[in-house]
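Comments concern the structure below.
The values are calculated or read from the model by the stated rules, or taken from the named source; none is laboratory data. Small disclaimer: the values here were computed from a predicted structure and weren't measured. Cβ atoms come from the backbone with ideal geometry, glycine included; neighbour counts cover every protein chain shown. Ligands, DNA and RNA are stripped out before the accessible areas are found, and what is left, the full protein with its side chains, is counted by its heavy atoms. Shrake-Rupley method; radii C 1.70, N 1.55, O 1.52, S 1.80 Å.
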Amino acid sequence: MPVDPANARPLDLSRGIAIGSQYYRAPTPRPEDWERDLGQLRDHGMDTVKLWAQWRWNAPAPGAFSFTDLDRLMALCGDLGLRVVINVVFD
């Protein structure tokens, strides 16, 4: 599910300090674990996750791009009410 930029929201600092964890740096954790893991983070009181966008993973060849992993993770985080920080790595 692609993220619609029209629905993007600035970080709402009125919710207080972000409490969270780094979660995703491809290829781990496995996609079949994402929903369970993110739900557990939320259930344990965390409200923010950090995801990595790695150029070598998301653009494996010149002109070839795939962000389906991040699209799915962003949708899951949105469904769970988790805030997201994306760390972009150009390696």
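Some notes on this structure:
- Apart from one condition, Ala59 fits all of (1) open to solvent by less than 100 Å² (accessible area, probe 1.4 Å); (2) free of Cβ contacts under 8 Å to residues at least 12 places away in the same chain; (3) out of contact with any Phe, Trp or Tyr (no Cβ under 9 Å at 6 or more places or on another chain); the exception is (3).
- Whichever residue in the range 31-48 is hydrophobic (A, V, I, L, M, F, W, C) and at pLDDT 95 or above and, among such residues, is surrounded by the most Cβ atoms within 10 Å (Cβ to Cβ): Leu38
- Matching residues, the range 62-91, being open to solvent by 70 Å² or more (accessible area, probe 1.4 Å), of a type in the set (Asp, Glu) and either in a helix (DSSP H, G or I) or touching a Cys at 6+ places or on another chain (Cβ under 7 Å) (or both): Asp79
- Test for Ala64: is it within 10 Å of the chain's Cα centre (by Cα) and among the small types (Gly, Ala, Ser): no
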